[in-house]
Protein chains: 2
Amino acid sequence: MTDRKEFRDLADPDDARDAIASLDLAPEPEAVPLAEARGRVLAERIDAGLDVPGFDRASMDGYAVRARDTFGADETDPASLDLVGTVHAGEEPDVEVSEGRAVEISTGAVMPPGADSVVMVERTEESEDGDSVLVRAAVAPGDNVMLAGADVAAGESALGPGTRLTAREIGLLSALGVDSVPVRGTPTVGIVSTGDELVRPGEAVDSAAGQIYDVNSYTIAAAVEEAGGEPKLYPHAGDDYDEMEEILRSAADECDLVLSSGSTSASAVDVIYRVIEERGELLLHGVAVKPGKPMLVGRVGDSAYVGLPGYPVSALTIFRTFVAPAIRRAAGVPEPATATVEARMATEERYGEGRMRMMPVGLTETGEAQSASNASSAERDSASGDLLAYVVDKGSGATTSLVEADGVVEVPADTAYVAEGETVEVQLFSPDVRPPTVLGVGEDDPALARLLDTLERPRYLSVGSREGLRRLRDGVPDFAVTSADDRGVDATELGAYSREWGLVVPAGNPEEIAGLADLVDRDLRFVNRGSDSGLRTNLGNAFAALADERGTTRHDLVESIDGFELAAKAHESPARKVAAGRADAGLGLRATAEKLGLGFVPVGTETVRVLANPDRAEKSGVRELDAALGERLDAVLADLPGFDR
Amino acid sequence: MTDRKEFRDLADPDDARDAIASLDLAPEPEAVPLAEARGRVLAERIDAGLDVPGFDRASMDGYAVRARDTFGADETDPASLDLVGTVHAGEEPDVEVSEGRAVEISTGAVMPPGADSVVMVERTEESEDGDSVLVRAAVAPGDNVMLAGADVAAGESALGPGTRLTAREIGLLSALGVDSVPVRGTPTVGIVSTGDELVRPGEAVDSAAGQIYDVNSYTIAAAVEEAGGEPKLYPHAGDDYDEMEEILRSAADECDLVLSSGSTSASAVDVIYRVIEERGELLLHGVAVKPGKPMLVGRVGDSAYVGLPGYPVSALTIFRTFVAPAIRRAAGVPEPATATVEARMATEERYGEGRMRMMPVGLTETGEAQSASNASSAERDSASGDLLAYVVDKGSGATTSLVEADGVVEVPADTAYVAEGETVEVQLFSPDVRPPTVLGVGEDDPALARLLDTLERPRYLSVGSREGLRRLRDGVPDFAVTSADDRGVDATELGAYSREWGLVVPAGNPEEIAGLADLVDRDLRFVNRGSDSGLRTNLGNAFAALADERGTTRHDLVESIDGFELAAKAHESPARKVAAGRADAGLGLRATAEKLGLGFVPVGTETVRVLANPDRAEKSGVRELDAALGERLDAVLADLPGFDR
């Protein structure tokens, strides 16, 4: 294995930021049509090239007059003026207003020569023959007229450089007739994924050959867009030097910034390292940050280059922390206010390493500040409750950390611990990330999953019944779902139902398995669930009863079962192994067996309970779950074989 | 004029919201490629179709072994294992691990059959001949291995319906190989502008014929995008029934929602009204809201229809308040948290009308809460100071209200007044609208405009010196710029410079104008500035001196000047009238005359002072202005003829 340099001399994270800031990513300004200018940033000041309005303009429907002809007029003593014509909006007046005369005029029309004011139609009465009009109110010169240039005068500064164009600025540019808008260029960001094992989503993946889907290319492409850049994906590069050099070189030609990411393989990193050293300039290799140590910063040709770590959470974290600010600066777009939130730490987190840690955390609202906002969660996007942050530590290789965590907390090097209750700033993975409205933990259950589908933005972590109850006791989640013994847990039951469990077997039950005894007595391949699963606990209890019957111990009984310790993660996993022919029987639910078209040998029925954190009963997400259990549970259970009240 | 119905029976604003909510705008779900899925909303739950990882995967570079072969191994007593092969990432293993054997393995590679754990490379030493490896640490089964499905198990619920897709969800979908993503449809919104006088930006506008640029089409199109819809612009419709019917009918065929807007002309509204009544269904005409009274709600064919008022600020306000929420609901996108902010009213605002008012307000930070945030304004987008809201009331016809106001405050009908200091919720015109970092008012001056161009997000209102000083006294703006007498104003001077003023005349001065006396003595057409302008005050003073010389009064002197009362708005306006041949002389600056290639007759030099609100001296925007005056004023003045320290 190559002795890589990054382990020797890690750069300070601030030096890495400086190195990236020293790279010039900003493209040339460009001109875009007005219809495509939204969200862009003005490259220069826009001065008004014309007066708005461009003419003296009637701002009411009525009659254009000389004000002095109305002096003294009122309801009892109206002035009578000769009606000499009409001007509509969009017409050039073909009539003048001289003493004693009036012209009918529409809102927005050009004031006819000689007139200096408009009497609004409500204060007038036209004669039946249309030859004259009675004016029942006096007007002053300028009344109900917007003078040319009164809104914007030609030569006035209309919008400054650096202005981000939203609907309203688009409106002002329209009024000025500006169709070609000078804006800052959008930085083009090339994304090169490395690793022979990567397959693009949509193509077939060969797991036996160690192929996996390319996660980083699309994740980083989306994050580039969120930061105001334009992503450009390049073909996967393997570990071949010439191929990699060719791809990096063309990406550098076409882009302002090139990012590589993808493989964690050392050889791919080594190849990139060589290309950068030979064809560009390496500013920095290795940063004292966890995760993200192997970051590379440099140049390839005229383009900036940053090498991101291979694991998706690490890559997104490093992108968000180090690269996105540089893209935003180049695009002239500030970081959105929603990109960070403040939260309190739910539990103490010990650390104490010599490098900065980007700690992934999930967020949940306590609901304590909920009453301050009366907006419904469906209509309003703001975090209305006090936020709790809990550490999500599944290892940086887990893709699911992307959606189980909401962002990262920067923990400085040599911090001994982050205290429970301490306020931390959470850098969200994206400005559009919003904390869940309700956080549940516990047993993996299909009825619950369907019920949660009817809620707005729930989060559910299938950690098993036991771990779920433990977390509920620690006070982080809003609710736990358990099919195990929950005595001694201080919680409010929101609902309960039963599910039928047993052995999922191949369709038609070819081995003619009759029950648990067959697993003990015959040579069958079995797949169990994890020990945190309530289902597994109930299976254990059933074997204990069988052991009692037979006058032996449960331990001796299960030891003889091939696969009893083979713990599959999700409730469908054992059944899927059976379906794939890799097992003769799996622990599972009748509903799963029927869904996958498999056979089922019933063993028992267990109760699933939904238990709320008693401190969160009034949180709106919990109330919505409670309502869903009340209103929709029956419909959900009716649709799932073996489920009942 | 037509007797229009909306004035008789105005609907309650809540009924208008209900009417719009009753229209179905939601399009059918669709499938989009993963690369285009960012920002979209899942139409259905996504379950994992495969295990992630799809195979037992090494999570470290090292050696795949049977854990039991390492039991007891440590630094002093390493275990020696036969090295029988290598597996790289993306390869199918061609070797098994049996007792006493090891296989070199890369991170991400498939575990070879027989191996149950990986010893990390740092704890090993390969023999020189490469035939064996010394293992210096014991591992347990499963160490440094991620089992198939450990990240996501096939059949697990991965993402729920209604999930908005940000970078991280794109990452999880990539890992699952999902390339075609089922998402909610984007509501298509047709925009029909009405009015014979409208011209699209980019085309020539004939002001004499009363033509104006179409502001609403592009403004509303941008606002539709901001709300998550897809705008579609239709050709302008005049006031002709058949043409309007044809356009509305094709828009209704192609769109989920049709909006009309543009003209304020009564006849255009009447034509639309007839088309809706004859070809669709009118639910509501006229709403008790100011502005926005003439709103129409109904259906054309199968499409929803809302008619917006004609003035741009009114149209955007009504769109934002009534229509955008319906588009967001149809798209499944919540209102961003940044769409509203809280502010304190800067001054009392009396109201007391019988209908709800959407009051346009500008925002400025007091800077009082500034110290709570240490983020630089260039990097962070959040409103770090306490916000003040001041009413912007230029009349709803003013396009500039779009950029001088930041949003609207909903004032319920029959509210007598909104008190100074009262906390109000400001509905920003767009979620991306950000309050200015610094707010200035006063004299229109080209040196100041250039200086402000170097600041981040300033706002400057050219209200003239006198009005600027009045507002500074009232405490709303951060600074005022004056060329008039500022005695008695409590303020901190940030900087000062002088500018040369006089008469701008045609190039070559064909009338041989020598000074102010010529305006009095000869028959020349003159253009003045507005009475709030410091320049006009100084011109008045110069005429007073001339009157003294001649033993007459200033009043008598200026009365004889053709155009002395003709007050042009901006500092370039009189010069532009001269350039257009519509005047022989205009009040202005040497810099303006030279910029426009005109002649100049000097009269005097006046001092321009930049005065800060003493309560805001520590506000970061004020400090940045102060720094800009210190560092960049000389360069700006050097570039402007007639400007000096």
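The values are calculated or read from the model by the stated rules, or taken from the named source; none is laboratory data. The model shown is predicted, which means the values in this text are computed figures rather than measured ones. Methodologically, a virtual Cβ is constructed for each residue, glycine included, from the backbone with ideal geometry; neighbour enumeration extends over all protein chains shown. We work out accessible area using only protein heavy atoms, side chains counted, and drop any ligands, DNA or RNA first. Shrake-Rupley method; radii C 1.70, N 1.55, O 1.52, S 1.80 Å.
For residue A:232, a cut-off of 27 angstrom between C-alpha atoms picks up these lysines, skipping any fewer than 8 places away in its own chain: A:293. Computed over all pairs of different Cα atoms, the Kirkwood value for the hydrodynamic radius of chain B is 30.6 Å. Taken over segment B:51-117, the convex hull of the Cα atoms encloses 82 Å³ per residue. In chain B, helices alone account for a calculated mean residue ellipticity at 222 nm of -7000 deg cm²/dmol, with every DSSP H run of four or more residues adding -39,500 (n - 2.57).
The mean count of C-beta atoms from other chains within 10 Å of the C-beta of residues in A:90-98, rounded to a whole number, is 3. Count Lys and Arg as plus one, Asp and Glu as minus one, and take only other residues whose Cβ is under 14 Å from that of residue B:187; the net charge is then -4.
What's the whole-number percent of alpha carbon pairs in the protein assembly as shown lying beyond 46 angstrom? Beyond 46 Å sits 47 percent of the P(r) for the protein assembly as shown. Quick one: Cα centre-to-centre distance for segment B:66-116 and segment A:580-637, in angstrom? What the calculation gives is 41 Å, centre to centre. Once the partner protein chains are put back, segment B:330-369 shows a loss of at least 20 square angstrom of accessible area, versus the chain by itself, at B:334, B:335, B:337, B:338 (probe 1.4 Å, ligands and nucleic acids excluded).
For chain B, the solvent-accessible area works out to 39 Å² per residue, with a probe of 1.4 Å and every protein chain left in place.
With label points defined 7 Å past Cα in the direction of Cβ, position residue B:493 shows copy-to-copy spacings of 8.1 nm, given to one decimal and shortest first. The Kirkwood hydrodynamic radius of segment A:13-156, based on inverse pair distances between different Cα atoms, is 18.3 Å. For chain B, the share of accessible area belonging to carbon and sulfur comes to 43 percent (1.4 Å probe, ligands and nucleic acids excluded). Near residue B:589: Cβ cut-off under 12 Å, other residues only, Lys/Arg at +1 and Asp/Glu at -1. The net charge is -3.
Helix A:216-226 and the longest principal axis of the C-alpha atoms of chain A enclose an angle of approximately 30°. Neighbouring Cβ atoms from other chains, within 10 Å of the Cβ of residues in B:82-88, number 1 on average.
For segment B:272-287, no residue has its backbone nitrogen under 12 Å from a point 7 Å from the Cα of residue B:24, taken along Cα to Cβ.
Between copies, the label points at residue B:615 (set 7 angstrom from Cα along Cα-to-Cβ) are spaced 4.0 nm, reported in nanometres from shortest to longest. Contact residues in segment B:16-48 by the 30 Å² criterion (accessible area, 1.4 Å probe, full protein complex versus chain alone): B:35, B:38, B:45. The mean of 1/r over all pairs of different alpha-carbon atoms in segment B:213-314, once inverted, gives a Kirkwood hydrodynamic radius of 13.6 Å. Within 10 Å of each candidate Cβ there may be at most 11 other Cβ atoms; applying that plus a DSSP loop requirement, which trypsin sites (Lys or Arg not before Pro) in segment B:1-94 survive? Answer in residue order: B:8. Near residue B:438, the amide H atoms lying under 5 Å from its own belong to B:459; only residues 5 or more places off or on other chains count, and H is placed 1.01 Å from N. Between copies, the label points at residue A:507 (set 7 angstrom from Cα along Cα-to-Cβ) are spaced 8.9 nm, reported in nanometres from shortest to longest. Buried accessible area between A and B (1.4 Å probe, both chains summed, ligands and nucleic acids excluded), in Å² to the nearest 100? Chain pair A/B: roughly 9100 Å² of buried accessible area. Axis between A and B by rotation; chain A residue with nearest Cβ and distance in whole Å recorded as A:338, 3. Qualifying trypsin sites (Lys or Arg not before Pro) in segment B:491-567, where qualification requires a DSSP coil assignment and no more than 15 other C-beta atoms within 10 Å, comprise B:522. Counting charges near residue A:69 (Lys, Arg +1; Asp, Glu -1) among other residues having Cβ under 9 Å from its Cβ returns a value of +2. Per residue of peptide A:608-617, the mean number of Cβ atoms on other chains within 10 Å of the residue Cβ is 0. Taking all Cα pairs closer than 8 Å and separated by 6 or more residues, the relative contact order of chain A comes to 11 percent.
Interface residues of segment A:170-187, defined as a loss of at least 10 Å² in heavy-atom accessible area between the chain alone and the complex of all protein chains with a 1.4 Å probe, are A:170, A:171, A:172, A:174, A:175, A:177, A:179. Relative contact order for segment B:189-329: 28 percent, from Cα pairs under 8 Å spaced at least 6 residues apart, divided by residue count. When both bridge partners sit in chain A, DSSP labels roughly 65% of those beta bridges antiparallel.
Within segment A:275-371, the GluC sites (Glu not before Pro) that combine a DSSP coil assignment with at most 16 other C-beta atoms in a 10 angstrom radius are A:348, A:353, A:368. Using C-alpha pairs under 8 Å with a sequence gap of at least 6, the mean separation divided by the residue count of segment A:1-142 gives a relative contact order of 26 percent.
For segment A:157-208, the equivalent ellipsoid built from the Cα gyration tensor has semi-axes of 46, 13, 8 Å, listed from largest to smallest.
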